[in-house]
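The structure under discussion appears below in the form of structure tokens.
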Amino acid sequence: MARSMTGFGRAQKDFGNLFVSVELKSVNHRYFELYSRVPRTYGFLDEKIKSYLQGRVGRGKIECNVTVEALESDDVIVRVNHSLAKAYIDALNEIETTYGIRNDVSTSSLARFGDVISVHKEEADEDAIWAAVREVLEAATDNFVAMREREGEKLKADICSRADDILKKVAFVEARSPQTVKEYNERLRQKIQELLGDATVDEQRLLQETAIFADKVAVDEETVRLRSHIEQLKAMFDENEAIGKKMDFLVQEINRETNTIGSKAADFEINKVVVDIKAEVEKIREQVQNIE
């Protein structure tokens, strides 16, 4: 199945005490490359997200933005440093006794002294948080992959259409090639007669020259391989794996066979069709660059 490397997917869910949002987007890339943005306190999610996405996405430069918000939390702990509080109180009492100043210390004023009261958060339950993030990540990835598959179907339709057009042009080359040999034979015969006048043409020598020309311009092997490559390219769309790299290699082979036909054919009509084939191959190559 063809998948485009361009895609977008988003999902979010409120778990009551936790709100999770995941957004995925990607562009073309030769390999799998992930840039994830997660809240600093949940850095442990990075590797888990990468491992999950590598199992579902073959290629592409992917950006993953994750939001995790604690809506209600009872994991906050307020601690009192009693030894420090007592030290402050003793010091204030000493000041009162020494200088005769009224000691108006209160709980609220004591709490203003640094480190008397400190606020701590309990360690996050990483398994529970990952379970929530994974659920939303899976939904976002489903949407992401679905979009890549829809785009892939469009790429498939375009590539197959161009491939069929190439096959029609190959059929013209196959039909035209024998005709070029016949025309060469006639031109050669005419030139010899012009040079020799009424003298008899050496038919054996004429056949030899024609055979040499026919062997030189023969493109049967190239057109057979070209047809095979085209059919193989179309068949790849039925494979259940990433096919972009294999397609890219096959398009190079198609281009190589096309160039060989162009260099061997000594005929204007064939060369004109070869130029058209190369234009279609280039358009296919550009589309293949978008396939996962």
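Hey, can you tell me all the residues within segment 203-243 that are part of a helix (DSSP H, G or I), among the acidic types (Asp, Glu) and modelled with pLDDT of 70 or more?
Of everything in segment 203-243, those that are part of a helix (DSSP H, G or I), among the acidic types (Asp, Glu) and modelled with pLDDT of 70 or more turn out to be ASP220, GLU221, GLU222, GLU231, ASP238.
I'd like the residue in segment 91-125 that is of a type in the set (Gly, Ala, Ser) and in a loop (DSSP other than H, G, I, E, B) and, out of all such residues, is modelled with the lowest pLDDT.
Step by step, filter segment 91-125, then rank; the result is ALA124.
Can you say whether PHE8 is closer than 30 Å to ALA235 by Cα and touching a residue at least 60 places away in the same chain (Cβ under 8 Å), as far as the supplied structure shows?
yes
Can you tell me which of ALA140, ALA128, ALA146 is in contact (Cβ under 8 Å) with a residue 12 or more places away in the chain, surrounded by fewer than 17 Cβ atoms within 10 Å (Cβ to Cβ) and either not polar (S, T, N, Q) or not in a loop (DSSP other than H, G, I, E, B) (or both)?
Answer to the selection: ALA146.
Can ASN143 be described as at pLDDT 80 or above and under 30 Å from LYS50 (Cβ atoms)?
yes
Among residues belonging to segment 244-277 that are of a type in the set (Gly, Ala, Ser) and outside any helix (DSSP H, G or I), point out the one that is farthest from GLU149 (Cα to Cα).
ALA266
Would it be correct to say that PHE268 is loosely packed, with under 13 Cβ neighbours inside 10 Å, among the hydrophobic types (A, V, I, L, M, F, W, C) and assigned by TED's automatic domain parsing to the domain that holds LYS168? Walk me through how you get there before you give the answer.
Values: loosely packed, with under 13 Cβ neighbours inside 10 Å: yes; among the hydrophobic types (A, V, I, L, M, F, W, C): yes; assigned by TED's automatic domain parsing to the domain that holds LYS168: yes.
The answer is yes for PHE268.
Under 15 Å from ALA265 (Cβ atoms), out of contact with any strand residue (DSSP E or B) (no Cβ under 8 Å at 6 or more places or on another chain), at pLDDT 90 or above and not hydroxyl-bearing (Ser, Thr, Tyr), is that true of VAL170?
Working: under 15 Å from ALA265 (Cβ atoms): yes; out of contact with any strand residue (DSSP E or B) (no Cβ under 8 Å at 6 or more places or on another chain): yes; at pLDDT 90 or above: yes; not hydroxyl-bearing (Ser, Thr, Tyr): yes.
Answer is yes for this residue.
The values are calculated or read from the model by the stated rules, or taken from the named source; none is laboratory data. Nothing here was measured: the structure is a model prediction, and the numbers come from that model. Neighbour counts run over all protein chains shown; Cβ positions are idealised from the backbone, glycine included.
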